[in-house]
Amino acid sequence: MRDKPLTRSCEVVPILKRDYGLDVSYHVVWLGVEKVKVIIHGDHSLSFDQLRWYSDAVMRYNPGSYVNIDYDVSNQRFYRFLVSFTVCIFGYNSCRPLLFLDGPFLKGKYKGLFPVTFAIVDSETTTNWSWFLHELGNVVDGKRQITFSSDRNHGLLEAMPKVFPSAYHSYCLQHLKNNLRDRMKGIDNGFRDHLVRSLGNYAYEPTVVGFHEMLEKLKEEEWGMRYGDMTSNVAESFNNWIKKARNLPITWMVDAIYTQLMRQMSARRGQANKWNELICPTFETMFLDLFNDSRSWQVSKTNEDVFEVHSILSVTVDIARCTCSCFKWKINGFPCDHVVIAIQKSHYNLNDCVEYYFHVETYHAAYSGAIFPIPSVEKLPFDPTDFTIYPPIVKKSPDRPKKNKIPSRGEKLKQIRCERCDKLGSHNR
């Protein structure tokens, strides 16, 4: 269990049989696994109270971070928790203002949600999304125009315009496709797939004219700077990244994610220290590919700034204004193939036409900080007489109605034992 925390009880039973020749019942194995989890990771219920110590430790060892733990003062029940490390706060200023919002469910004993921005709440409600976005506003730089990308959660749709009224809110294309596919159940599969593919073509079309040609009606509204990202896959990747951590008690879970962040920041900082170019290597390679794809095109010079590129369709490139009539330069924030070939005929430097977000210097700035360790050796032992934050009350799903039947003698005895266990204060699985 220490090496593989996600090991299930049903997997332990055959291991004990195969390696030790032991025939152990599933119930006994389940009890053993639960006890081992408490020994290794601590008790799930006590872990909520340990968030207080963890919050103080974060601010002590990583000053400038932002932490907020919210609980009901009357019954001392946990509500919500949010943490943003100082290196993430300052590193965001060196990244494009495009934020992805998503919420994977936790796998521990107490249900909850873990959004990509390190908040833990009980469910995706309008109240919780409003609280989270309000806290997020205390972390991110509000001077920049932010574009949010999400899966169109109902609570988020209500909260976003109230907390970030001037921000753009774009929807994940993959979720839109899935919604469209679900709404067309019963329709011929071939025709349905054709419509879903067409939706993708509409979304990726960079020009209004091309969009009108494929879709007769276009509602003119601000989509914000998507930077070529039409899905929230980056958020889904983060969810997969924290897959193992979601099974741990809440304080251990936050600490496990913090450890992963610390390692990633260090690895990327070390990688960037080896770069000597002006532009990040990935985009240097993209430049070369774009030039190879466009070098057979003819370029006509209008003046020192404006060029006409004769590709499959002719386009106009205005280098001084950073525009191309294909609109890809504006959408991606990175020169398209038309711009790359036009610059070859101009006095401009290609590197100067790239947004600073793609520069090595900016990458260095994003990962220049370090997340410092939070040692648990100084953590005080749990004192039951002290003020304690308890876990939230988990609502059980309603039981399915069962048909009335006469219980057998064995079922009667089982019911009697369960009632007796309850009277003794124990829990019978």
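Descriptive notes on the structure:
- Within the range 161-199, being of a type outside the set (A, V, I, L, M, F, W, C), closer than 28 Å to LEU99 by Cβ and in a loop (DSSP other than H, G, I, E, B) holds for PRO165, SER166.
- All told, ARG77 falls short of being among the charged types (D, E, K, R), more than 29 Å from THR127 (Cβ to Cβ) and at pLDDT below 90.
- When residues of the range 7-23 are limited to those that are loosely packed, with under 14 Cβ neighbours inside 10 Å and hydrophobic (A, V, I, L, M, F, W, C), the one farthest from ALA256 (Cα to Cα): LEU22
- Residue check for SER74: closer than 30 Å to ILE331 by Cα and in a loop (DSSP other than H, G, I, E, B): no
- If you go through the range 306-329 and pick out every residue that is touching a residue at least 40 places away in the same chain (Cβ under 8 Å) and surrounded by fewer than 18 Cβ atoms within 10 Å (Cβ to Cβ), you end up with 1.
- Of the criteria (1) free of Cβ contacts under 8 Å to residues at least 12 places away in the same chain; (2) under 30 Å from VAL83 (Cβ atoms), which one ASP255 fails: (1)
- Taken over the range 291-306, the criterion of being among the hydrophobic types (A, V, I, L, M, F, W, C), closer than 10 Å to ILE341 by Cα and either in a loop (DSSP other than H, G, I, E, B) or at pLDDT 90 or above (or both) is satisfied by TRP297, VAL299.
- ASP102 of a type in the set (D, E, K, R) and in a loop (DSSP other than H, G, I, E, B): yes
- When every residue of the range 148-160 is checked against the conditions, at least one turns out to be assigned to a strand (DSSP E or B), in the same structural domain as PRO97 (by TED's automatic domain parsing) and either more than 30 Å from PRO63 (Cα to Cα) or of a type in the set (D, E, K, R) (or both).
The values are calculated or read from the model by the stated rules, or taken from the named source; none is laboratory data. Bear in mind that the values here come from a model prediction, so they are computed numbers and not experimental data. Counting neighbours? That spans all protein chains shown, and the Cβs are built from the backbone with ideal geometry, glycine included.
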